[in-house]
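Input: a single structure, listed below in structure tokens.
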């Protein structure tokens, strides 16, 4: 008889924390037609959370809400070895919001649970307006990509409740053979 050991979630999570101790190479992209490095509180919040956790933010860019620019920058960051790319801004339904379309076409695997959980948690904070968010996540060229709204409170919610607590496990799952 052949017995196969299937690791459960908690086993994976524990193993990931043991095996994944080195810093993660990260890229941050703020998508906005109006923000600058001086006014981008969401990008600053992402950078602070990642560096405080001991990760390396190797790029932090602000791009206009243009799908081609967004997609090109995500491809570039992944090709430069970033294992985590976080965008903020452009995930709503306004005419210029195009981050979702730019990123969705790049993803080889999607993490639909991220968007679902984010909207559920957002609902607790802001009510039915949470349905306007098209926050999403997935994998592109071996990099985890998270697309967050541009609001700083939303960025902090996603980082504190979803991304940072699970980051070691997510990275471990994407790089293990």
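The values are calculated or read from the model by the stated rules, or taken from the named source; none is laboratory data. Model, not experiment: these values are computed from the prediction. Virtual Cβ from ideal backbone geometry, glycine too; neighbours counted across all protein chains shown.
Does residue 126 meet the test of being assigned to a strand (DSSP E or B) and free of Cβ contacts under 8 Å to residues at least 40 places away in the same chain? No, not satisfied. Checking the conditions here, which among 39, 34, 91, 87 is part of a loop (DSSP other than H, G, I, E, B), in contact with a helix residue (DSSP H, G or I) (Cβ under 7 Å, 6 or more places away or on another chain) and modelled with pLDDT of 95 or more? On inspection, the qualifying residue turns out to be 91.
Could you list, in sequence order, the residues of region 42-71 that are over 16 Å from the mean Cα position of the chain (by Cα), assigned to a helix (DSSP H, G or I) and over 23 Å from residue 133 (Cα atoms)?
Of everything in region 42-71, just one residue is over 16 Å from the mean Cα position of the chain (by Cα), assigned to a helix (DSSP H, G or I) and over 23 Å from residue 133 (Cα atoms), namely 52.
Kindly evaluate residue 111 against the criterion of being touching a strand residue (DSSP E or B) at 6+ places or on another chain (Cβ under 6 Å) and surrounded by 15 or more Cβ atoms within 10 Å (Cβ to Cβ). Yes, satisfied.
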